[in-house]
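Participant: Starting off with a structure, shown below.
The values are calculated or read from the model by the stated rules, or taken from the named source; none is laboratory data. Note that the coordinates shown come from a computational prediction; the quantities given were computed from them, not determined experimentally. Please note: Cβ atoms are built from the backbone with ideal geometry, for glycine as well, and neighbour counts cover all protein chains shown.
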Amino acid sequence: MMNANTFTIAFGADHGGFKLKDALVAWASAHGHTVLDLGTNNAESVDYPDYARLVCAKVLSGDATYGVLVCGTGLGMSYAANRHTGIRCAMVSETTSARLARQHNNANMLSLGGRMIGEEMGFDILATFLATPFEGGRHERRVAKIETL
């Protein structure tokens with residue numbers, strides 16, 4: 001179920017994730033979100049940390065509410081993104097983790113595996129992520145501790 005709110009979402013991918021990223025960009029745009037597509041847009045080999053850095057910069061500056069990264073497995077992008085203070089990037093492959101990443105961890109970025117999940121699962125994950133608010137409460141203390149690491 002789609003949240004009535006719309007967001008600005010920055011997207012980035014490497015050569016292993018650009019096809020899923022392109023599908024997610026089209027889905028997000030069709031659902032009224034503002035999209036920042038930071039590339040890549042073809043199968044030419046690129047370095048995923050470069051795209052993770054671009055998307056993290058948009059989230060950290062406030063130019064984007066959320067970021068979505070896609071590489072072959074989702075792992076490399078999540079590692080690169082989580083090196084940035086203020087970024088809480090959840091690598092997920094199903095909707096329950098997407099929901100809990102928002103509810104309990106106030107995740108501000110998603111990392112997905114373009115070779116691991118199909119487009120429909122990607123759409124469901126993104127819709128769940130965007131529709132789920134942070135619960136706060138006892139989770140605020142834990143999220144604050146992450147920021148001091």
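Participant: Of the residues ALA80, ALA107, ALA101, which is in a loop (DSSP other than H, G, I, E, B) and either closer than 22 Å to VAL25 by Cβ or of a type in the set (Ser, Thr, Tyr) (or both)? Even if it seems obvious, please write down each step before you answer.
Facilitator: Numbers: ALA80 fails: in a loop (DSSP other than H, G, I, E, B); ALA101 fails: in a loop (DSSP other than H, G, I, E, B).
None of the others qualify; the one that does is ALA107.
Participant: Step by step: first the residues of the range 14-35, then only those that are free of Cβ contacts under 8 Å to residues at least 60 places away in the same chain and in contact with an Asp or Glu (Cβ under 7 Å, 6 or more places away or on another chain), then the one that is nearest to ARG115 (Cα to Cα). Which residue is that?
Facilitator: HIS15
Participant: Between LEU54, LEU69, which is at pLDDT 95 or above and within 18 Å of PHE129 (Cα to Cα)? Step through it out loud before you land on a result.
Facilitator: Working: LEU54 fails: within 18 Å of PHE129 (Cα to Cα).
Selected residue: LEU69, the only one of LEU54, LEU69 that is at pLDDT 95 or above and within 18 Å of PHE129 (Cα to Cα).
Participant: Let me ask another. When the residues of the range 60-77 are narrowed to those that are touching a residue at least 40 places away in the same chain (Cβ under 8 Å) and assigned to a loop (DSSP other than H, G, I, E, B), which ends up surrounded by the fewest Cβ atoms within 10 Å (Cβ to Cβ)?
Facilitator: Going through the range 60-77, the residues touching a residue at least 40 places away in the same chain (Cβ under 8 Å) turn out to be 63-74, 76-77.
Pick out the ones that are also assigned to a loop (DSSP other than H, G, I, E, B) and you get 63-65, 72-74.
Details: ASP63: 12, ALA64: 24, THR65: 17, GLY72: 18, THR73: 18, GLY74: 26.
Filtering the range 60-77 for residues that are touching a residue at least 40 places away in the same chain (Cβ under 8 Å) and assigned to a loop (DSSP other than H, G, I, E, B), the one surrounded by the fewest Cβ atoms within 10 Å (Cβ to Cβ) comes out as ASP63.
Participant: Do we find that ALA57 is outside any helix (DSSP H, G or I), of a type in the set (A, V, I, L, M, F, W, C), more than 11 Å from the chain's Cα centre (by Cα) and more than 18 Å from ASP124 (Cα to Cα) in this structure? It would help to see each step written out before you state the result.
Facilitator: On the way: outside any helix (DSSP H, G or I): no; of a type in the set (A, V, I, L, M, F, W, C): yes; more than 11 Å from the chain's Cα centre (by Cα): yes; more than 18 Å from ASP124 (Cα to Cα): yes.
Judged against the criteria, ALA57 is not a match.
Participant: Identify the residue in the range 30-54 that is of a type in the set (Gly, Ala, Ser) and under 24 Å from PHE123 (Cβ atoms) and, among all such residues, is surrounded by the most Cβ atoms within 10 Å (Cβ to Cβ). If you could, list the steps in order and put the result at the bottom.
Facilitator: Just the residues of the range 30-54 that are of a type in the set (Gly, Ala, Ser), to begin with: 30, 32, 39, 43, 45, 52.
From what's left, under 24 Å from PHE123 (Cβ atoms): 30, 32, 39, 43, 52.
On the way: ALA30: 10, GLY32: 11, GLY39: 16, ALA43: 11, ALA52: 30.
Step by step, filter the range 30-54, then rank; the result is ALA52.
Participant: I'd like the full set of residues that are in contact (Cβ under 8 Å) with a residue 24 or more places away in the chain and either closer than 21 Å to THR148 by Cβ or charged (D, E, K, R) (or both), limited to the range 97-109.
Facilitator: Answer for the range 97-109, where residues must be in contact (Cβ under 8 Å) with a residue 24 or more places away in the chain and either closer than 21 Å to THR148 by Cβ or charged (D, E, K, R) (or both): ARG99, ALA101, ARG102, HIS104, ASN105, ASN106, ASN108, MET109.
Participant: Still on this structure, I have one more. Of the residues GLU140, GLU147, GLU94, GLU120, which is surrounded by fewer than 14 Cβ atoms within 10 Å (Cβ to Cβ), touching a residue at least 60 places away in the same chain (Cβ under 8 Å) and not small (Gly, Ala, Ser)? Steps first, please.
Facilitator: Values: GLU140 fails: touching a residue at least 60 places away in the same chain (Cβ under 8 Å); GLU94 fails: touching a residue at least 60 places away in the same chain (Cβ under 8 Å); GLU120 fails: touching a residue at least 60 places away in the same chain (Cβ under 8 Å).
Among GLU140, GLU147, GLU94, GLU120, only GLU147 is surrounded by fewer than 14 Cβ atoms within 10 Å (Cβ to Cβ), touching a residue at least 60 places away in the same chain (Cβ under 8 Å) and not small (Gly, Ala, Ser).
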